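Okay, so here's the structure we're looking at.
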Amino acid sequence: MNTNDSAATRYTTLTSDSIHELEIKRSRFITYLFRVETEAAARAHIAALRKSHFDARHHCSAFILGPDRIVQRSNDDGEPSGTAGIPMLDALAKREMPDASVLSDVLAVVVRYFGGIKLGAGGLVRAYSDAVSSGLDHAPLHLRQRLRIFAFTASHAQAARYENELRAAGYQVEPTEWQAQHAIVRIGIPDTEQAAQELHTHIATLTSGAATLNSTNTQWVDLI
């Protein structure tokens, strides 16, 4: 995703897919969490779980997509209306992160094997909400941030030193391009004017004014 048409500059997503199971009054609630970036990918996962858990009573789902979380969908899959998909979506949408970012690009599918005891509408809402919340408690998460990429040229002899000093100063150093005559050092910073000004000052000091810093593009980067 290389775009700058989003107002959001960061969000939290899954580091890897995750599975977690709860048993509530003999019913099994198996929560699958996937990182997805398109509706097509989300629906492909749901379809695959319908096949692999063909004997389950329900395959309820909810997903949120995009930095601005514009796409939000849910499905009760046969449970009473509003007792599964919406509580699952709420568990995703209202998830609180330590850094105050929001959760996105996440699909939750809860596969339910009915245990013979009816939970009632309130019980179902709690069960599906708890299933997703508990799944998130056990899932690996990380921050994804939109960075503006800046670049400058340096001699081969100096480029590696600049990389090390920039990392030591806390900057996100992107892969350097090693060309025949020189190297192109790339740095990613938060897409704000203040961060850009601070980087210009830092590079001027680091290179004694020898480097010309140019803005290249913006891109979303996983900060793992």
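The values are calculated or read from the model by the stated rules, or taken from the named source; none is laboratory data. The shown structure was predicted, so the numbers you read here are calculated from the model rather than taken from an experiment. Quick reminder, even Gly has a Cβ in these numbers, built from the backbone with ideal geometry, and neighbours come from all protein chains shown.
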Selection from segment 40-61 of residues that are in a helix (DSSP H, G or I) and within 17 Å of D77 (Cα to Cα):
A42, R43, A44, H45, I46, A47, A48, L49, R50, K51, S52
Just checking, how many residues over segment 22-39 are of a type in the set (S, T, Y) and either within 13 Å of F114 (Cα to Cα) or not in a strand (DSSP E or B) (or both)?
2
Matching option when the condition is closer than 19 Å to S16 by Cα, at pLDDT 95 or above and charged (D, E, K, R), among D90, D105, D130:
D105
Given the conditions (1) crowded, with 16+ Cβ neighbours inside 10 Å; (2) assigned to a strand (DSSP E or B), every one holds for R73 apart from (1)
Boolean, D17 is within 19 Å of R95 (Cα to Cα), of a type in the set (D, E), surrounded by fewer than 16 Cβ atoms within 10 Å (Cβ to Cβ) and in contact (Cβ under 8 Å) with a residue 60 or more places away in the chain
no
Test A42 against the stated conditions and say whether it is surrounded by 15 or more Cβ atoms within 10 Å (Cβ to Cβ), aliphatic (A, V, I, L, M) and more than 20 Å from H142 (Cβ to Cβ).
no
Within segment 175-193, restricting attention to residues that are within 25 Å of the chain's Cα centre (by Cα) and among the hydrophobic types (A, V, I, L, M, F, W, C), which residue is farthest from Q158 (Cα to Cα)?
I189
Inside segment 200-210, the number of residues satisfying the requirement of being closer than 15 Å to E165 by Cα and either among the polar types (S, T, N, Q) or more than 33 Å from the chain's Cα centre (by Cα) (or both) is 6
